[in-house]
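Step one of this worksheet: look at the structure below.
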Amino acid sequence: MTMPNTQHMSETSQRPPVTRVGVIGWLRANLFNTWYNSLLTILILWLFYKAIPPFVDWAILDAVWGNVESTVCRQTDGACWAFLYEKANLILFGLYPFEEQWRPTIAMIIFVSLVALSCHPKAWRKSLIFAWVIGVPAIAILMWGGILGLSYVPNTRWGGLPLTLLLSGLGLMFGFPIGVFLALGRRSNMPTIRTICITYIELIRGVPLITILFMASVMFPLFLPTGLTIDKLLRAQIGLIMFASAYLAEAVRGGLQSLPSGQYEAADSLGLSYWKKMRLIILPQALRISIPALVNSFISFFKDTSLVIIIGLFDLMGATKAALTDAAWRGFYKEAYLFTAIIYFVFCFFMSKYSQYLEQRLYTGTRR
Amino acid sequence: MSTAKNQTPASSSDPIIEIKDLNKWFGDFQVLRDINMTVASGEKIVVCGPSGSGKSTLIRCINALEEHQKGSIVVDGISLTNNLKNIDAVRREVGMVFQQFNLFPHLTVLENLTLAPIWVRKVPKKEAEETAMYYLDRVKIPEQADKYPGQLSGGQQQRVAIARSLCMKPKIMLFDEPTSALDPEMIKEVLDVMTQLAEEGMTMLVVTHEMGFARTVANRIVFMDYGDIVEQNDPERFFNNPESDRLKLFLGQILHH
C-alpha cells in the first residue's frame, strides 16, 4: 500500500473560483454572506455615518487649539484642546514641582524601557537583572532627589502617570511571584500551608479593593506602636500588592490544574525534587496556559490602581479630576477624560498585544 | 560508552527488587493484596492481567508514584518508606515509561533528555547532551533532537520517552503499558527498542498486553487478577500449561480472537 505523495497532490489541486477571492470575494464572504449579515453591515455603516462626522467636527474642525484663555473655548461647540495645553502637566505629573518634571519624565522612560526590554524573550539573560539593578535606583534618585544636586521631592507630591506606573508596576512585580507561591501553596499536600494560602486568597478576594486601601490607609496605622509610622504611599503599595497576589494566584492555579497529572508523574519518576519539578516542568507550562487569565488580571489591576484616589493619592485618574477643579477650566470633562482614556488604553492595548505575542512564541506544537 | 556493565546474566540470583506482603487501598477499595515478589538483577518480567487487576498500580509502587499502606518494598537495597530521601534515591535508579509518554511539551527532545541528568545527577551540560545523543541514536531518532514532542508521532514520542529514562542510567526500567496508546503500525518500533534493551541485560518490569513480546523476551510472566498474583511462570509453561482456571480463561480471551 503506497500513499500518494503530497507533491503530486498539490500539483493537481485547483484554484478557488474567482468569485471567492479578491475584494469582492472578501466582501461577499464576510459582510454580505447572509441577509441578516447584510442588514448588520448596512446598520453599522449607517452608525458610522451618524457618529464619525460629528466627532470629526468636534475634535478637529470646530476645536480650539493652542495656548488660549478658557473664555475663548466657551464660545465654540468644539473641543477645547487649550485645556490640555494648560493642564496636561498637572494630569501627567500631579503635584510634582513643575520645573522638576523632567525628572519623572526620564524616570518613566527608564521604567517603560526596562519593562519593554524585559518583554523580549531574547533579553531573558543575566544582563537583564543587571539592567534592573541599575535602573531601579536611578528611578528612585530621579523621583526623590535630595542627592547629586537634585532638590528633594517628598513622595506626597508624586502623582499622575508616574504614580500609576509605580503603583501598578511594583504591584504586579511583587504580586506575581507571591501569587505563584500562593497558587503552589493552595495545591500543597501540607494542610497547614494549604489552609494559610486558601484563607489569604479568599479573604483578600472577598473584599473590594477600596476596603483594602482604606484599611491600609486608615486602620493599619492604629495597630502600629506610637511613634512608628509607615509612609502612606508604601501602605497603599503593600495593599495593592496583597490584592494583586490573591487574584494572580487564582489565575496561576487555573494553569496548574489544567496540566495533566502525567507531567507531575514524569518529573517525579526522573527523581526531580519538588522545587525543581515546579520550576522546570510545571510552572513553565502552567504559566503559559495562564497567560490570558494573567493578562486579564494585569489589565484590570492597572486600571484599579485609580482607586487610590480615595486615600488621597493623585494618580493619573486622580490628577485628571484635580485638573477639572480649577474654576477657570471647569467643565471640560470630555477633553480631560478622553486624554486620560487614551493613555490608559495605550498601556492596556500593549499588554494585550504582548500577551498574544507571548502565547504564540511559547507555543510548541500540539500538546499531549 | 560501554554497555558491558549491564550485561548481567538473567539467571543472576541477587535480588534487586524485593516486595513483601504489599497491600494497597484506594479509599476503601483494595487494589493490591499481599503481593510477594522478588526480581533478580537482569530479569525481564511481564505483568499481565485484566484491566483493574492492579498491575499498573504494582509497578507504580516500585518508584513510589503510588504510596503503599502495608508491607515493604526494597529496591537496590533502599527501603521505600515515607522518607523522601529514600524515595528520591530509588527514583534515580528506576526509569519509567508511561502509556501516555508524558514528555515535557515545552522542551525540545534534547532538553527532555538532558534535564534530569543535569539537574538531578549534576552531569555537565555537554556530557549530558552527548549521552542524550547516544541514546537518541539507540532509539533511532537522532535527527529529531531539536524538535518539540508535539511534532513527533506517537511511536517516536515513546522512543524519546524510553531514551529519556535511559539517560539517567537506571538499574531498573518500568514500562506501564508502553504501546497501548499507539497506532498499530507504531507498536513494533517501540517493542524493537524494548527488545534490544532486554538483550543488553536491563532489569525490566513491563505491564503489557503484547503477548508476542512476553513470549520472546520475558524470563517470567506474572498474571494478576483482583490485586492478587494468581500465577507466575516462564513463558513456555505460562502459555502452554496454565494451571489456574482464571489464567486459562484470560489466555483464551486474548489469544484466540
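Coordinate-derived values only; no laboratory data. For clarity, every value in this text was computed on a predicted model and none was experimentally measured. Positions of Cβ are generated from backbone atoms using ideal geometry, with glycine treated the same way; all protein chains shown enter the neighbour counts.
Farthest towards the positive end of the charge dipole of chain A, among the residues A:Val295, A:Asn67, A:Ala249, is the Cα of A:Ala249, using unit charges on the Cβ of Lys, Arg, Asp and Glu.
A Cβ-based charge dipole, computed about the Cα centre of chain A with Lys and Arg at +1 and Asp and Glu at -1, lands at about 1300 debye. Loop-located chymotrypsin sites (Phe, Trp or Tyr not before Pro) across region A:46-86 with a Cβ neighbour count of 13 or fewer within 10 Å are A:Trp65, with loop assigned by DSSP.
Working from Cα pairs under 8 Å separated by at least six residues, relative contact order for chain A is 18 percent. Model label points for B:Asp192 and A:Arg28, set 7 angstrom from Cα along the Cα-to-Cβ axis, are 5.2 nm apart. Taking each DSSP H run with n ≥ 4 as -39500 (n - 2.57) and averaging over every residue of chain B yields -11000 deg cm²/dmol at 222 nm. For region A:98-152, what does the relative contact order come out to in percent, with C-alpha contacts under 8 Å and a separation of six or more? Reported as a whole number, the value is 40 percent. The calculated FRET efficiency for A:Ala131 paired with A:Ser258, based on their beta-carbon distance and R0 = 25 Å, is about 0.15.
Pick out which of B:Ser244, B:Ser72, B:Ser165 has the largest mean-square fluctuation in a Gaussian network model of chain B, springs linking Cα atoms closer than 10 Å. Most flexible of the set in this elastic network: B:Ser244.
Here's how it looks for B:Met96: its modeled amide H is under 5 Å from those of B:Leu174, which are all 5 or more places away or on a different chain.
Along the axis of the charge dipole computed for the protein assembly as shown (Cβ charges of +1 for Lys and Arg, -1 for Asp and Glu, origin at the Cα centre), the listed residues A:Leu240, A:Gln360, A:Gly135 are led at the positive end by A:Gly135.
A Förster radius of 56 Å, combined with the Cβ-Cβ distance separating A:Thr199 from A:Tyr49, puts the computed FRET efficiency at roughly 0.50. Near B:Val230, the amide H atoms lying under 5 Å from its own belong to B:Phe223, B:Met224, B:Asp225; only residues 5 or more places off or on other chains count, and H is placed 1.01 Å from N. Shape of chain A from the C-alpha gyration tensor: oblate (a/c of 1.5 or more and a/b not above b/c, with a ≥ b ≥ c the square roots of its eigenvalues). Note on A:Lys334 and B:Met133: their simple-model spin labels are 6.9 nm apart, each label 7 Å out from Cα toward Cβ.
May I ask you to list the lysines whose Cα is less than 29 Å away from that of A:Lys87, ignoring any residue fewer than eight positions away on the same chain? Leaving aside lysines fewer than 8 places away in the same chain, those within reach of A:Lys87 are A:Lys232, A:Lys303, A:Lys321, A:Lys334. Applied to region A:306-317, the Karplus parametrisation 6.51 cos²θ - 1.76 cosθ + 1.60 on θ = phi - 60° returns per-residue 3J(HN,Hα) values of 5, 6, 4, 4, 6, 9, x, 9, 9, 6, 3, 5 Hz, with x for Gly and Pro. Here the relative contact order of chain B, from alpha carbon pairs under 8 Å that lie six or more residues apart, stands at 25 percent. Considering only B:Ser41, B:Met211, B:Asn83, and ranking their Cα positions along the charge dipole of chain B that arises from unit charges at the beta-carbon of Lys, Arg, Asp and Glu, the one farthest toward the positive end is B:Asn83.
Applying the criteria of a DSSP loop state and at most 14 other Cβ atoms within 10 Å to the chymotrypsin sites (Phe, Trp or Tyr not before Pro) of region A:151-201 yields A:Tyr152. Considering only Cα-Cα distances, which of the following residue pairs are longer than 32 Å: B:Lys70/B:Lys169; A:Lys277/B:Lys147; B:Lys85/B:Lys147; A:Lys122/A:Lys276? Table pairs above 32 Å Cα-Cα are B:Lys85/B:Lys147. By the helix-only formula, in which each DSSP H run with n ≥ 4 contributes -39500 (n - 2.57) and the sum is divided by residues, chain A has a 222 nm mean residue ellipticity of -21000 deg cm²/dmol.
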